[in-house]
1. Checking Asn166 against (1) at pLDDT below 95; (2) within 16 Å of the ligand (Cβ to nearest atom), which test does it fail?
2. Here is a check on your reading of the model: is Leu83 touching a helix residue (DSSP H, G or I) at 6+ places or on another chain (Cβ under 8 Å), within 16 Å of the ligand (Cβ to nearest atom) and not in a loop (DSSP other than H, G, I, E, B)?
3. Criterion first (under 30 Å from His18 (Cβ atoms) and not β-branched (Val, Ile, Thr)) does Phe225 satisfy it?
4. Identify, by number, the condition in (1) of a type outside the set (Asp, Glu); (2) in contact (Cβ under 8 Å) with a residue 40 or more places away in the chain; (3) within 16 Å of the ligand (Cβ to nearest atom) that Gly75 doesn't meet.
5. Residues in the range 129-141 that are more than 15 Å from the ligand (Cβ to nearest atom) and assigned to a strand (DSSP E or B): how many?
6. Please list, ordered by residue number, the strands (runs of 3 or more DSSP E) wholly in the range 142-223 having 2 or more residues that are polar (S, T, N, Q).
7. Looking at Ser330, is it assigned to a loop (DSSP other than H, G, I, E, B) and closer than 27 Å to Pro220 by Cβ?
8. Among the candidates Thr35, Thr23, single out the residue that is of a type outside the set (A, V, I, L, M, F, W, C), surrounded by 16 or more Cβ atoms within 10 Å (Cβ to Cβ) and in contact with an Asp or Glu (Cβ under 7 Å, 6 or more places away or on another chain).
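The values are calculated or read from the model by the stated rules, or taken from the named source; none is laboratory data. Because the structure is a prediction, the values reported are computed rather than measured. Heads up, the Cβs are rebuilt from the backbone with ideal geometry, glycines too, and the neighbour counts pull from every protein chain shown.
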Amino acid sequence: MKEDIAARFRETRALFEHTGNVTYFNSASYGPFCTPVRDAIRTNLDLRVAAERDDSHDAFTTSDELRNDFAELIGAEKKQVGLGMNTSFGLNIAAFGLPLKAGDEVLISDIEFPAVVYTWRAAAERRGLKIKRLASKDRFFDIDELLRNIGERTRVLSLSYVQFFNGYKNDLETISEICRKNRMYLVIDGIQGMGVEPLDVKKSGINVFTSGCHKWMLSPQGCGFFYLSDEVCDLIKPPFMSWLGVDWEVKFDDLFHVDKPYFDSARRFEMGFYAVLNILGMKAAVRIFQDLGIDNIQAHNHALIDRLADYIRGNSFYRITCSMAPKHRSSIFTFSCDNVDKLHRRLLDNKIILVNREGSIRVSVHLFNNEQDIDRLIEMLDGFSK
Ligand SMILES: Cc1ncc(COP(=O)(O)O)c(C=O)c1O
């Protein structure tokens, strides 16, 4: 069985042409395409260039399949999932649509990615909300600080599942229990964990989960999805709606209806017609996650990270800067040393693709990586430290 899974990872790696040229550890920035993604996009491009057939109906079918695919991947139901163009789309649905009153407080960590910060800042200005920044501890989210800052008017915690620069995975079950007890909405930016760290949105008690798919989900830029719990779906009133928020039953020869009800599902908040090239690319990418399973992907990634972490621990020139606690580790591993900028340039010059974030080298390990990739990196690190 173990061998069978290892073989499937090897076969999947063969679908990623970049593996023959570069050692890629940068999925936390953007995911590379595999050949099925490229082929799906190319096929649609050719169809549009030929312009003989209207493919819009296919887009409705694919989108509906995708809502179901994402629901299965995060433990939700199809009606709780809608398609968006990035993470910010779902954050905006929450920030501008949740039933909040002037004076209500929103809690945001001081180490949040700007997508969370700027969305809520605009909503706060427009809606008279108050934003409270939670101080992190050693640059990790601090649950005690959360508890200390919950007051009478606190209604929302908006948080990343996995922190973008150091890979710290938040303990969503504990955090959501705190939110539930204090009648707060929990809004999760999921992009740095989606596809690599298993998640059950219902068990985690999340109200809004949103993720772009161009990073770990290995899909085109400009696509993503959002989840809304039943509890909030009916309460949310964003300042935008579109004609595809109602059911045309994919019949577009009778469009003069003005009284159709909006979908009784998260789909009602989708915004007009689909980015079809993206949708088709995303569908091909999602198949890989269904085939391998997110549990297996996590185990694969963590095993490779362990191999690297063992080396780092044994070389005093380097130090680990991420959490390796089982609850908090993710598929992002970070470490630091003297001369990080120089090391980063050296790695890039040797076709090891990764980034320098906040003074640490960020290694994003994904399903197409293998032990040889890690050993190449170790070899370079060894040379640099001497
Ligand atoms: C935690 C986090 N949230 C959001 C984003 C991006 O937001 P969007 O998908 O809306 O561009 C990133 C990275 O680009 C990120 O690391």
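1. (1)
2. Criteria met by Leu83.
3. Numbers: under 30 Å from His18 (Cβ atoms): yes; not β-branched (Val, Ile, Thr): yes.
Answer is yes for this residue.
4. Just one mismatch for Gly75, condition (3).
5. Quick first cut of the range 129-141, residues more than 15 Å from the ligand (Cβ to nearest atom) only: 129-135, 137-138.
Remaining after also requiring assigned to a strand (DSSP E or B): 130-134, 137.
Number satisfying all stated conditions: 6.
6. On the way: elements: 154-160, 185-189, 208-212.
In the range 142-223, the matching strands (runs of 3 or more DSSP E) lie at 154-160, 208-212.
7. Here the answer is yes, as Ser330 does meet what is asked.
8. Details: Thr35 fails: surrounded by 16 or more Cβ atoms within 10 Å (Cβ to Cβ).
So the residue among Thr35, Thr23 that is of a type outside the set (A, V, I, L, M, F, W, C), surrounded by 16 or more Cβ atoms within 10 Å (Cβ to Cβ) and in contact with an Asp or Glu (Cβ under 7 Å, 6 or more places away or on another chain) is Thr23.
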